[in-house]
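Have a look at the structure below before the remarks.
The values are calculated or read from the model by the stated rules, or taken from the named source; none is laboratory data. Predicted model, so just to flag it, every value in this text is computed and none were measured. So basically every Cβ, Gly included, is an ideal-geometry build from the backbone, and we count neighbours across all protein chains shown. Accessible surface is based on the protein model in full, side chains and every heavy atom, while ligands, DNA and RNA are left aside. Shrake-Rupley method; radii C 1.70, N 1.55, O 1.52, S 1.80 Å.
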Amino acid sequence: MINLGAHSILGVKIHAVDYDYAVKVIREAARNKQAFTVSALAVHGVMTGMTNAEHARRLNGLNLVVPDGQPVRWALGLLHGKSLPDRVYGPELTLRVAQALAEDDLSVYLYGSQPAVLERFAQNLQAKFPGLRVAGMEASKFRQTTPEEQQAIAERIRESGANAVFVGLGCPRQEVWAFEYAPLLNLPILAVGAAFDFHAGTLPQAPKRMQNAGLEWLFRLIQEPRRLWKRYVLLNPLFLWNLFLQGIRVRPFPVNLPNGQEQPQRYG
């Protein structure tokens, strides 16, 4: 079990941990129904914080932000000497947490995506982990909600009796959702993004060799060029350039925490 602390990658606090540690702390929070927010960030996720100071504070207010992408894992080693044997890949973390919940006879609530994806995701999770209970599921509204709608969503999740919530709204909306719903739910919230589509079987995952080489972004770009070209063609070089500036100490990237001035977004 590895926990080498949290470290700034372009001003975003990334925790140098492994799967075992992440599952352990999420499992404990689920057992005790304690608020615990988790995100798995690749390059795009880190850049959403670097380019938006307010969002960076939200990310740094989450309890656990793991290195989803290989470049983020490598950055921990290059900048801070914190070498990990593997990244903590969001879709894989989702499965490991689901297994832990099933072993403990605990339940999960699924929020986000579309009804058909939710149904297949839930069916596939329960087929893989027969003891897993899905307390409820709710598709994204694909818009911002009213304060009343937000309270109603939180009430439905609380009344479901769920011990944890998986959120799939896409980055950065799901991280904002986790940040804003944490005090309303007092449950572990995992922002797991594409895991919904991957495990529902509606979106293919990159081959292992591409994942290990840090080329998952290229596979996804080929799959969805119109939607993702700006994310990868523009942000990847910007990530590398700023990583270089941080590494040679030309540009400091301090970790700024929430200050209460973050504007409510109420993504639904």
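Pairs please, first residue from segment 161-184 and at positive phi, second anywhere and surrounded by fewer than 24 Cβ atoms within 10 Å (Cβ to Cβ), Cβ atoms under 6 Å, 6+ apart in sequence or on different chains.
If the second residue must be surrounded by fewer than 24 Cβ atoms within 10 Å (Cβ to Cβ), the pairs left are 161/135.
May I ask you to list the residues in segment 20-44 that are under 14 Å from the mean Cα position of the chain (by Cα) and closer than 24 Å to residue 185 by Cα?
Result: 22, 23, 26, 36, 37, 38, 39, 40, 41.
Show the residue pairs meeting these rules: Cβ distance below 7 Å; 6+ apart or different chains; first residue within segment 185-210 and in contact (Cβ under 8 Å) with a residue 40 or more places away in the chain; second residue basic (Lys, Arg) and part of a loop (DSSP other than H, G, I, E, B).
Short answer, once both residue conditions are applied: 186/33; 187/33.
Report yes if residue 238 is farther than 24 Å from residue 19 by Cα, open to solvent by 50 Å² or more (accessible area, probe 1.4 Å), modelled with pLDDT under 90 and hydrophobic (A, V, I, L, M, F, W, C), otherwise no.
For residue 238, the condition - farther than 24 Å from residue 19 by Cα, open to solvent by 50 Å² or more (accessible area, probe 1.4 Å), modelled with pLDDT under 90 and hydrophobic (A, V, I, L, M, F, W, C) - is not met.
Considering only residues that are under 18 Å from residue 55 (Cα atoms) and of a type in the set (Asp, Glu), look in segment 159-186 and name the one that is least open to solvent (accessible area, probe 1.4 Å).
175
Can you tell which of 156, 143 is of a type in the set (D, E, K, R), over 25 Å from residue 55 (Cβ atoms) and open to solvent by 20 Å² or more (accessible area, probe 1.4 Å)?
Only one candidate passes the filter, namely 156.
Going residue by residue through segment 166-181, is there one that turns out to be over 24 Å from residue 42 (Cα atoms) and touching a helix residue (DSSP H, G or I) at 6+ places or on another chain (Cβ under 7 Å)? I'd like the intermediate steps shown before the answer.
Step one: list which residues in segment 166-181 are over 24 Å from residue 42 (Cα atoms), which gives none.
Within segment 166-181, none of the residues are over 24 Å from residue 42 (Cα atoms) and touching a helix residue (DSSP H, G or I) at 6+ places or on another chain (Cβ under 7 Å).
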